[in-house]
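The values are calculated or read from the model by the stated rules, or taken from the named source; none is laboratory data. From a predicted model like this one, the values you see are computed outputs, not experimental measurements. Glycine gets a Cβ as well: all are built from the backbone with ideal geometry, and neighbour counts include every protein chain shown.
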């Protein structure tokens, strides 16, 4: 009988759960999804975070001083304002639009500050509740995390891997910085922990997150519907014609009660605190 040949441990076949080629393959997509469904929950439990207040909004909105400085730079660089090139017209339009939207950055910072101070003032048993949560990126997302950071509070950043964004912003504490690959799993974590949601002016991403949440609430898929605030009546009434949806019969007038439109930090703060206190703290 021939002598058996024993291979060393270094020569053993690789285990499937250590095989990165397999784990990154199309066939293992369900495993990667499961990882993103599971790991954040473990981290939230470790940090003792029970629930969140989510702030959505455009990644392109910047602080007032930054937007104004960029506009002034562009105006200074333009030679003849009456004879602009197409590129100059576009650059000027973008800069002017940035200045118009910039106040929302500062208001998002202030709202996050106010809500964080309130949540930190709650009794010990309710600490780590109603933590500010954002998409982790720049713009309104940064403003939300920045506001919590300014007053010494924690906040969450649910980042997403995108080719044109450079990771999460600097105001999210270690342990609460997340980086998702799958948009739908990221939205799952947004909604699962959210006890309130504030949507600032934004683009496709903001609309996606807002209307998916509204759909889940409208259809009863969320057992504890969060108060939903649309911040900035000028933006929301010009961008989304809810009355036309009613006229066309695609939503009912009662659906307008699913959200509240506000224009000031005080209105948003008072409404959210009133709703959260009545629903979860009384």
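General remarks:
- Residue 14 fulfils the conditions (1) under 22 Å from residue 131 (Cβ atoms); (2) not assigned by TED's automatic domain parsing to the domain that holds residue 276 except for a single criterion, (1).
- Restricting 163, 201 to residues that are assigned to a loop (DSSP other than H, G, I, E, B) and at pLDDT 95 or above narrows the list to 201.
- Residues within region 204-238 that are exposed (fewer than 14 other Cβ atoms within 10 Å of the Cβ) and over 25 Å from residue 113 (Cβ atoms), tallied: 10
- Residue 42 surrounded by 15 or more Cβ atoms within 10 Å (Cβ to Cβ), on the phi < 0 side of the Ramachandran plot, out of contact with any strand residue (DSSP E or B) (no Cβ under 6 Å at 6 or more places or on another chain) and not assigned by TED's automatic domain parsing to the domain that holds residue 125: no
- Test: residue in region 129-141 that is assigned to a helix (DSSP H, G or I), touching a residue at least 12 places away in the same chain (Cβ under 8 Å) and in contact with a strand residue (DSSP E or B) (Cβ under 7 Å, 6 or more places away or on another chain): yes
- Qualifying residue in region 121-140 (condition: crowded, with 22+ Cβ neighbours inside 10 Å, more than 30 Å from residue 220 (Cα to Cα) and in contact with a helix residue (DSSP H, G or I) (Cβ under 8 Å, 6 or more places away or on another chain)): yes
- Qualifying residue in region 175-184 (condition: out of contact with any strand residue (DSSP E or B) (no Cβ under 8 Å at 6 or more places or on another chain), outside any loop (DSSP other than H, G, I, E, B) and closer than 17 Å to residue 207 by Cα): yes
- In region 96-112, the residues that are out of contact with any strand residue (DSSP E or B) (no Cβ under 9 Å at 6 or more places or on another chain) and assigned to a helix (DSSP H, G or I): 96, 97, 98, 99, 100, 101, 103, 105, 106, 109, 110
- Evaluation of residue 92 against (1) closer than 29 Å to residue 143 by Cα; (2) touching a helix residue (DSSP H, G or I) at 6+ places or on another chain (Cβ under 9 Å); (3) at pLDDT below 95; (4) part of a loop (DSSP other than H, G, I, E, B) (one fails), failing number: (4)
- Pairing each residue of region 112-125 that is on the phi < 0 side of the Ramachandran plot with any residue that is assigned to a helix (DSSP H, G or I) and at pLDDT 95 or above, provided the two are 6+ apart or on different chains, yields C-beta distances under 6 Å for 112/144; 112/147; 112/148; 113/147; 113/150; 114/269; 116/148; 118/273.
- The residue pairs whose first member lies in region 250-265 and is more than 20 Å from residue 200 (Cα to Cα), whose second member is modelled with pLDDT of 95 or more and in a helix (DSSP H, G or I), and whose beta carbons are closer than 9 Å, counting only pairs six or more residues apart or on different chains, are 250/244; 251/218; 251/242; 251/245; 252/246; 253/246.
- Residue count for region 42-71 under the criterion of being in contact (Cβ under 8 Å) with a residue 40 or more places away in the chain and part of a helix (DSSP H, G or I): the result is 4.
- Residue list for region 225-257, restricted to those being touching a strand residue (DSSP E or B) at 6+ places or on another chain (Cβ under 6 Å) and either assigned to a helix (DSSP H, G or I) or not assigned by TED's automatic domain parsing to the domain that holds residue 207 (or both): 233, 236
Results for (1) touching a helix residue (DSSP H, G or I) at 6+ places or on another chain (Cβ under 7 Å); (2) more than 24 Å from residue 34 (Cα to Cα), shown as yes or no for each residue.
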| position | (1), (2) |
| --- | --- |
| 156 | no, no |
| 169 | yes, yes |
| 173 | no, yes |
| 191 | yes, no |
| 199 | yes, yes |
| 251 | yes, yes |
| 254 | no, yes |
